[in-house]
Amino acid sequence: MRTIVGVGPYSGAMRRLVAVLVVASMLAVSAAPAATAQISQPDIIQEHWYHSYATLTLDVNAWADEHPEIVNLLVVGNTELGRNLWMLQISDWGQETKPDGTPKDVVYIDGGHHGNEHLGTELAFLTAEFYIEGWADGEQSVIDVLSTTELHILIMLNADGNDFDTRWNVNQVDLNRNYDHYWNTCPTTQPGSSAFSESETHANSIYMNEVVPHADLYITMHTGVWIMLYPWGKWPDQPSDWELFHFIRDEVNSNISDIPIRNANQGLYPNCGTSRDYGYGVMGYPTFTFETDDEQFLLGSVESISERLGEELDVMQYLIRDVWYWRARLIVESIVIKGDEVDAHVVNLGRASTTNASLHYTDGTGELLWSSSLFGVNATNETRVTLDGGNLTLVEGGTWSINYQKRVIDASMWVNEDVNESVIEKGAGISGFLPAPSMLIVIVSFALAAINRRNDKFEH
Ligand SMILES: [Zn+2]
């Protein structure tokens, strides 16, 4: 039996039937270790609102069994009590890249750092469910997202705390103060004995670093005050990529939801060692803490949980659909080489700025022959720069690329992207390759390397 709660395709009557079956199944499994903690909850009816570790385990395995073409299910670590940390990897796995051959965009989502913040955990669940069921139903917008994007979703990080209905993990540590970013430097409670002292946060950091270092969005789900928080928690200052965060804030508030979107330190209170600040300050991701609600529990019908979080899910769909924009996206419109100068026209189609772009010129073996000085390109803007090309020597088979960080924050990833040959122009007076004093050195070094056909590489 599939024991999913509040899921899409059922009719109202069917949902109520499912709810009854779920309650029945929970009573039936109440002797299992993972379910015993639930007996202490005040109302068995309330339990079917929220996932226990046991019901989550059933649901994610059912998804993996039913939709192997889009769902990879992994265990990426264990809680302190040994429960599995289930990771869903959701994408159209029949295609390794986007249809145009470029790498898919990567989104990372986790829920359930705090075991008593069930609505946050449910929003992570509903996000996964939306894409899996949308795919099954053949919804074109979902198919489009899954053909271009990888979603990595860890729904319940603190499975031990979830089943005990406590904020902390079993060691009484606040997992969202246990990350290695200014750990234990704020007035805080129960941050653990050291950064990543807990198996749950340690596993999460390993996954970030080893599997999704390229992510262009990280959302961590909580419940408390209805708000979305961007970095920093540590400082009241706006983050380096404030333009990106403010753009998203304005778009969400104009078109989707009135949810307040603020710097975490100002919007909530100073907090350190959070996964949000770690995600931005160490991994370089654009990060949000999504605080879904100010209610710790609900009364009502099965339908309400997805309806209650419908607006929040709309925000998630927007953030995921537009993930391509959450970084700098530089396009080199032209490179004109004239004398000792290189004029470049570079457009940024992304919503994040970059401050340290440079042009690279590389020979056929991949050796860097020349790089320009650094220049910046603001979000949704363009730059025309004149660069010193005095040391530039063109060789046959040489290629151009642009090298930059995806965002302003120091930690953000560097990318090196090819420049289309067709945008390179050699200005008046330049025929063939540039004569330059360094040409002699290049020729000598090639000769010393005794490479055949070396002379064919040059024209004069
Ligand atoms: Zn929380």
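Any read-out appearing in this document is the output of simple, stated calculations on the displayed coordinates, not a laboratory observation. On a predicted model such as this, the values are computed, not experimentally measured, just so you know. Backbone-built Cβ (ideal geometry, glycine too); neighbour counts: all protein chains shown.
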query = Could you give me the ³J(HN,Hα) list for the stretch 70-78, computed from phi with Karplus coefficients 6.51, -1.76, 1.60 and θ = phi - 60°, whole Hz, x at Gly and Pro?
reply = 10, 10, 9, 10, 10, 9, 10, x, 9
Qualifying lysines (Cα of each under 23 Å from Cα of K338; at least 8 residues distant if same chain) = K426, K457
inquiry  = I'm checking a number: the convex hull volume of the Cα atoms of the stretch 79-195, normalised per residue, in Å³. What is it?
reply    = 134
key: Neighbour-limited loop hits for GluC sites (Glu not before Pro), the stretch 347-419 (at most 11 other Cβ within 10 Å; DSSP other than H, G, I, E, B)   = E367
ask   = Is any residue of the stretch 101-118 close enough, with backbone N under 17 Å, to a label point placed 7 angstrom from the Cα of N420 along the Cα-Cβ axis, and if so, which?
value = 101-103
request  = Report, ordered by chain and residue number, the aspartates and glutamates lying within cross-link reach of K104, taken as a straight Cα distance under 19 Å and ignoring same-chain residues fewer than 8 apart.
outcome  = E69, D92, E96, D144, E150, E210, D216, D322, E417, D418
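Hey, can you rank 278-284, 158-164 by average C-beta count inside 10 Å, highest first?
Averaged packing, sorted descending, gives the order 158-164, 278-284.
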